[in-house]
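Student: What follows is a single structure, and I will ask about it in a moment.
The values are calculated or read from the model by the stated rules, or taken from the named source; none is laboratory data. This structure is a prediction, so every number in the text was calculated from the model and none was measured. Methodologically, a virtual Cβ is constructed for each residue, glycine included, from the backbone with ideal geometry; neighbour enumeration extends over all protein chains shown.
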């Protein structure tokens with residue numbers, strides 16, 4: 001197991017020295033370049049995980065004003081065969097879009113060779129690389145846009161927030177709807193008491209839609225010559241290459257992804273969490289079907305309990321999460337989930353009050369009413385509507401993102417136009433911790449886990465430490 005020491009006040013020089021000792025210089029951190037500070041009108045960008053979702057992140061960043069000077073991906077488009085799947089083919093389009101960008105398959109090599117020629121990075125890798133790539137970037141003075149979930153593990157999320165605070169770089173998690181005006185307005189309304197003090201929240205999704213709930217690994221496939229599988233595995237436990245892992249189905253593997261909860265909760269649970277800012281949960285419990293030692297559950301219900309805070313009931317509130325199709329099973333022969341019905345997990349009828357669960361993604365239940373919300377639509381609903389009669393609408397208190405675009409908001413923070421992004425790591429780190437505590441609960445279903453946030457431990461369950469702060473593969477160790 002890695003040492004239990006965490007960051008209190010760690011200099012950039014100390015961080016680099018310790019990392020070099022433990023990883024045989026796997027992370028060659030640089031000092032912060034002078035041009036990383038102040039106003040940057042055309043900051044340079046490296047896209048880490050440039051294919052797939054990364055292609056959208058580099059494109060969005062380019063539109064916001066960044067200049068792409070480096071691309072990092074385990075898929076070498078110059079060797080890519082026409083028979084490769086469409087998800088791999090996106091790397092060809094990315095290379096064509098940025099022909100002058102230097103290309104690497106290892107972000108550690110990119111940091112070493114590019115030095116101060118890169119001001120910022122986007123990180124769009126599978127979950128298990130987020131922490132290592134972001135830590136290296138921040139410690140070398142790069143501003144960071146990292147896809148959700150912020151990290152693969154709870155300890156990593158805590159460290160990401162601390163490193164961001166210590167280095168002062170501008171950060172943003174990729175839960176894009178956080179930039180939407182209607183999300184920010186609903187957070188303001190809840191804080192203003194539009195439904196009274198909050199006593200419960202419900203959020204749900206139809207995910208997983210990828211293979212999940214399998215008991216044995218698939219057969220080994222030959223590694224394509226254009227794929228750097230060693231680098232793809234990175235800090236995670238070794239698994240032989242299979243097309244049933246990458247490029248998409250890794251989300252259904254404990255070692256690489258965080259299942260439906262990790263994939264979607266950073267989007268769907270975001271607005272209520274932001275409105276309440278409740279601090280760390282006191283406990284969590286998961287009920288589910290289909291989880292195995294290799295893979296998260298096919299469907300689950302998770303409940304976190306929070307103590308009281310400014311906008312909640314006097315005795316606190318519960319946050320409920322629902323995911324997966326109710327009548328589904330994993331088909332090993334076809335290696336997919338078979339849905340026997342189109343109904344997925346959602347709140348009971350008394351919570352929905354006649355509204356369709358497919359029209360919304362969350363419900364905030366207050367002492368005076370309910371607010372129904374969908375991050376993709378601005379037609380939020382308050383019930384009973386009579387409660388709006390005479391309501392004193394609050395003034396705007398949350399800054400709005402330029403063009404409701406989280407890439408432009410990140411750019412505005414990088415060039416000094418605003419102090420920071422609203423989904424910066426100081427916010428995204430604790431939020432991700434809550435979500436990943438639910439992922440931890442899925443490891444030990446039907447068991448209420450009492451959470452000690454200060455020590456990052458489950459009371460009376462020291463054996464769960466391996467899931468909170470997991471060991472890394474040789475050559476990827478990192479001490480912070």
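Student: State whether one or more residues within region 416-425 are outside any strand (DSSP E or B), surrounded by 14 or more Cβ atoms within 10 Å (Cβ to Cβ), without any contact (Cβ under 8 Å) to a residue 24 or more places away in the chain and on the phi < 0 side of the Ramachandran plot.
Tutor: yes
Student: How many residues are touching a residue at least 24 places away in the same chain (Cβ under 8 Å), part of a helix (DSSP H, G or I) and either surrounded by fewer than 21 Cβ atoms within 10 Å (Cβ to Cβ) or touching a strand residue (DSSP E or B) at 6+ places or on another chain (Cβ under 8 Å) (or both) if we restrict to region 186-237?
Tutor: The qualifying residues number 8.
Student: If you don't mind, another one. Going through region 103-138 one residue at a time, which ones are at pLDDT 95 or above, out of contact with any strand residue (DSSP E or B) (no Cβ under 7 Å at 6 or more places or on another chain) and assigned to a helix (DSSP H, G or I)?
Tutor: Answer for region 103-138, where residues must be at pLDDT 95 or above, out of contact with any strand residue (DSSP E or B) (no Cβ under 7 Å at 6 or more places or on another chain) and assigned to a helix (DSSP H, G or I): 108, 109, 111, 112, 113, 127, 128, 129, 131, 132, 135, 136.
Student: On to the next question. Residues being within 22 Å of residue 207 (Cβ to Cβ) and outside any strand (DSSP E or B): count how many of those fall in region 276-300.
Tutor: Qualifying residue count for the region: 10.
Student: If you check residue 274 against the conditions, is it surrounded by fewer than 24 Cβ atoms within 10 Å (Cβ to Cβ), in contact (Cβ under 8 Å) with a residue 40 or more places away in the chain and closer than 30 Å to residue 194 by Cβ? So that I can check it myself, show each step before the final result.
Tutor: Working: surrounded by fewer than 24 Cβ atoms within 10 Å (Cβ to Cβ): yes; in contact (Cβ under 8 Å) with a residue 40 or more places away in the chain: yes; closer than 30 Å to residue 194 by Cβ: yes.
Yes; evaluated as a whole, the condition is true for this residue.
Student: Could you please find all residues in region 161-184 being over 22 Å from residue 148 (Cβ atoms) and in a helix (DSSP H, G or I)?
Tutor: The answer is 166, and nothing else.
Student: Using the structure shown, decide if residue 277 is over 23 Å from residue 476 (Cα atoms) and within 15 Å of the chain's Cα centre (by Cα).
Tutor: In short, no.
Student: Considering 42, 79, 9, 53, which residue is modelled with pLDDT under 75 and either surrounded by fewer than 20 Cβ atoms within 10 Å (Cβ to Cβ) or within 23 Å of residue 126 (Cα to Cα) (or both)?
Tutor: 9
Student: Taking the condition out of contact with any helix residue (DSSP H, G or I) (no Cβ under 6 Å at 6 or more places or on another chain), buried (at least 18 other Cβ atoms within 10 Å of the Cβ) and in contact (Cβ under 8 Å) with a residue 60 or more places away in the chain, does residue 302 pass?
Tutor: no
Student: Under 6 Å between Cβ atoms, at least 6 apart or on separate chains: pull out the pairs that start in region 69-88 with a residue that is part of a helix (DSSP H, G or I) and end on any residue that is exposed (fewer than 11 other Cβ atoms within 10 Å of the Cβ).
Tutor: Close Cβ pairs (under 6 Å, with a partner that is exposed (fewer than 11 other Cβ atoms within 10 Å of the Cβ)) amount to 79/225.
Student: Residue 434 - would you say it is under 22 Å from the mean Cα position of the chain (by Cα), touching a residue at least 60 places away in the same chain (Cβ under 8 Å) and more than 30 Å from residue 170 (Cα to Cα)?
Tutor: no
Student: Sticking with this structure for a sec: Sort out which residues of region 441-463 are part of a helix (DSSP H, G or I) and surrounded by 20 or more Cβ atoms within 10 Å (Cβ to Cβ), and write them in order of number.
Tutor: Answer for region 441-463, where residues must be part of a helix (DSSP H, G or I) and surrounded by 20 or more Cβ atoms within 10 Å (Cβ to Cβ): 441, 442.
Student: Also: With outside any loop (DSSP other than H, G, I, E, B), touching a residue at least 60 places away in the same chain (Cβ under 8 Å), within 22 Å of the chain's Cα centre (by Cα) and more than 14 Å from residue 179 (Cα to Cα) as the only criterion, which of 407, 467 stands out?
Tutor: After applying the criteria, what remains is 467.
Student: Could you check, for region 407-414, whether at least one of its residues is modelled with pLDDT under 95 and either within 30 Å of residue 305 (Cβ to Cβ) or touching a helix residue (DSSP H, G or I) at 6+ places or on another chain (Cβ under 7 Å) (or both)?
Tutor: no
Student: Taking only region 360-371 into account, find how many residues are farther than 23 Å from residue 405 by Cα and either surrounded by 15 or more Cβ atoms within 10 Å (Cβ to Cβ) or modelled with pLDDT under 95 (or both). Steps first, please.
Tutor: From region 360-371, those farther than 23 Å from residue 405 by Cα are 363-371; that's our starting set.
From what is left, the residues that are either surrounded by 15 or more Cβ atoms within 10 Å (Cβ to Cβ) or modelled with pLDDT under 95 (or both) are 363-366, 369-371.
Number of matching residues: 7.
Rundown of residues vs (1) in a strand (DSSP E or B); (2) in contact with a strand residue (DSSP E or B) (Cβ under 8 Å, 6 or more places away or on another chain); (3) under 30 Å from residue 218 (Cα atoms), yes/no style:
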| position | (1), (2), (3) |
| --- | --- |
| 318 | yes, yes, no |
| 330 | yes, yes, yes |
| 334 | no, no, yes |
| 342 | no, yes, yes |
| 358 | no, no, no |
| 363 | yes, yes, no |
| 376 | no, no, no |
| 387 | no, no, no |
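Student: With respect to the numbered conditions (1) touching a helix residue (DSSP H, G or I) at 6+ places or on another chain (Cβ under 7 Å); (2) surrounded by fewer than 22 Cβ atoms within 10 Å (Cβ to Cβ); (3) within 30 Å of residue 89 (Cβ to Cβ); (4) at pLDDT 95 or above, which one is the sole condition not fulfilled by residue 285?
Tutor: (3)
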